[in-house]
Amino acid sequence: AIAAGFGSLPLAAMAAPLTIGFSQVGAESEWRTANTMSIKDAAKKARVNLKFADAQQRQENQIKAIRSFIAQKVDVIAFSPVVETGWDTVLREAKAAKIPVILTDRTVNVSDESLYVTFIGSDFVEEGRRAGRWLLEHVKKNSPDSAVNIVELQGTVGSGPAIDRKKGFEEVIAANKKLKIIRSQTAEFTRSKGKEVMEAFLKAEGKKINVLYAHNDDMAIGAIQAIEEAGLKPGKDIVIVSIDGVKGAFEAMIAGKLNVTVECSPLLGPQLMKVAADVAAGRPVPRRIVTQEGVFPAEVAAKELPNRKY
Ligand code: AHR
C-alpha cells in the first residue's frame, strides 16, 4: 500500500513518532538552559514528539509531571531528578504502566534498580576530584607552605551533583592537611544565591579566604561580583575553582577572574533520543552512559572559547 501524501513510503514503514515525556529540573543556570536546548533540538531532529515540563527546581512538580506523562501513555519517560531521594512510588507507577524511564544528567537513589533503564550523564564525583586535583597542583606550585582556607558554594541540597562534587573534592584535598574548608553552604546553583552566600562568607571570614570552590560556574560568577564589591580581586586574592565550563566561565577566565572550570557537558539531547529509540524498540542499552569531559584552566580559555558549544 502507498500512503497518500507521503511519497512512496509504504504504510508499514511509517511508524508513529516516538513520544517522550521529559521533566526538566528548571532554568537555574546557564548549563540548564543549554541542556534544555540540546534536548529540544535533538527531539526536533529525531522527529520525536517531546512533552517538556519545567519543574522550577521542585520535586513535587516533577512527580506531578511524571504522573501526567503516565496518564498520557507516553512511550518513554525521561527526567533529570532535582534531588536523589523520594522517587520510589512514582517510578513504581511508571513501571506498572510499562513505561520505561531514562535518567539524564542526575541520578536517583531507589531501593529497586529496575525502576529505571539507564542513566546518561556525568560522573560528578570525578568532577569534584578533578577540581581538587587542580587545586592541589596549584597550591604545590604557588604556596606550598601556607595554610589554604577554602569556602565552598554547594549546589541544591540533596542533589546528585552537590553530594558527589563535595565528596570527590574532599577526598582529593585530604592529601594535603594545609587545605581546609572553613565554610560550606548551598547557593542552589544560581548566580543570585552565589553572590548572596559569598557576601556572607566574606563578612564572616574576610581576608582569611584563599580559595572559593563553587559546585557550578553560575554560583562562581555570582560570587565574583561579591568579591569585587568587597574590594578584592577574584582569581588573584581569592583563587576560584568551579564546574560546568559554560561560556560565561570562559569569559571570566579570560578577564582573569576565574582560575579553572571543570567541564560538565549539558549536551545530552542526541544521546537521549538515540537511547530512547533503542529502549522503545526493545533493544538493549547500557545501564550507565558516562559523558566524556575535560578540565579548562584560565591559560587555555582564550584559545578554547571559540570552540565552546554552550
Ligand atoms: O546537574 C548538573 C548541574 O545542574 C550543573 O552543574 C548546574 O549548573 C546545574 O544547575
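The values are calculated or read from the model by the stated rules, or taken from the named source; none is laboratory data. Remember, predicted model here, so these are calculated numbers, not experimental data. Cβ sites come from the backbone with ideal geometry, for glycine too, and all protein chains shown count toward neighbours.
Restricting to region 91-116, name every residue that is in contact (Cβ under 8 Å) with a residue 60 or more places away in the chain and either within 16 Å of the ligand (Cβ to nearest atom) or touching a Gly at 6+ places or on another chain (Cβ under 9 Å) (or both). Scanning region 91-116 gives Ile102, Thr104, Asp105, Arg106. Would you be able to say whether some residue in region 110-128 is crowded, with 21+ Cβ neighbours inside 10 Å, under 17 Å from Ile63 (Cα atoms) and not polar (S, T, N, Q)? Yes, because at least one residue in region 110-128 is crowded, with 21+ Cβ neighbours inside 10 Å, under 17 Å from Ile63 (Cα atoms) and not polar (S, T, N, Q).
Taken over region 250-293, the criterion of being in contact with a Leu (Cβ under 8 Å, 6 or more places away or on another chain) and without any contact (Cβ under 8 Å) to a residue 40 or more places away in the chain is satisfied by Ala252 alone. Looking at the structure I just gave you, is Lys140 within 30 Å of Glu199 (Cα to Cα), at pLDDT 95 or above and among the basic types (Lys, Arg)? Considered against the rule, which asks whether it is within 30 Å of Glu199 (Cα to Cα), at pLDDT 95 or above and among the basic types (Lys, Arg), Lys140 comes out as yes. Scanning region 74-90 for residues that are in a loop (DSSP other than H, G, I, E, B) and either β-branched (Val, Ile, Thr) or touching a residue at least 40 places away in the same chain (Cβ under 8 Å) (or both) yields Val74, Asp75, Ser80, Pro81, Val82, Val83, Glu84, Thr85. Selection within region 156-181: residues that are more than 14 Å from the ligand (Cβ to nearest atom) and buried (at least 17 other Cβ atoms within 10 Å of the Cβ). The member of this set that is farthest from the chain's Cα centre (by Cα) is Leu179.
Of all the residues in region 195-244, those that are without any contact (Cβ under 8 Å) to a residue 60 or more places away in the chain, more than 16 Å from the ligand (Cβ to nearest atom) and β-branched (Val, Ile, Thr) number 2. The set of residues from region 117-131 being within 16 Å of the ligand (Cβ to nearest atom) and farther than 21 Å from Ser29 by Cβ comprises just one member, Arg129. For region 29-46, state whether one or more residues are surrounded by fewer than 22 Cβ atoms within 10 Å (Cβ to Cβ) and at positive phi. The answer is no, given that none of the residues of region 29-46 is surrounded by fewer than 22 Cβ atoms within 10 Å (Cβ to Cβ) and at positive phi.
When Asp145 is tested against (1) modelled with pLDDT of 95 or more; (2) not in a helix (DSSP H, G or I), only condition (1) is not met.
Conditions (1) hydrophobic (A, V, I, L, M, F, W, C); (2) not in a helix (DSSP H, G or I), marked per residue:
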site	(1), (2)
Lys40	no, no
Phe52	yes, yes
Gln57	no, yes
Lys64	no, no
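The rows are residues; the columns are (1) crowded, with 17+ Cβ neighbours inside 10 Å; (2) among the charged types (D, E, K, R); (3) in contact with a Pro (Cβ under 6 Å, 6 or more places away or on another chain); (4) under 30 Å from Ala34 (Cα atoms).
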residue	(1), (2), (3), (4)
Lys140	no, yes, no, no
Ala187	yes, no, no, yes
Gly206	no, no, no, no
Leu212	yes, no, no, yes
Ile221	yes, no, no, yes
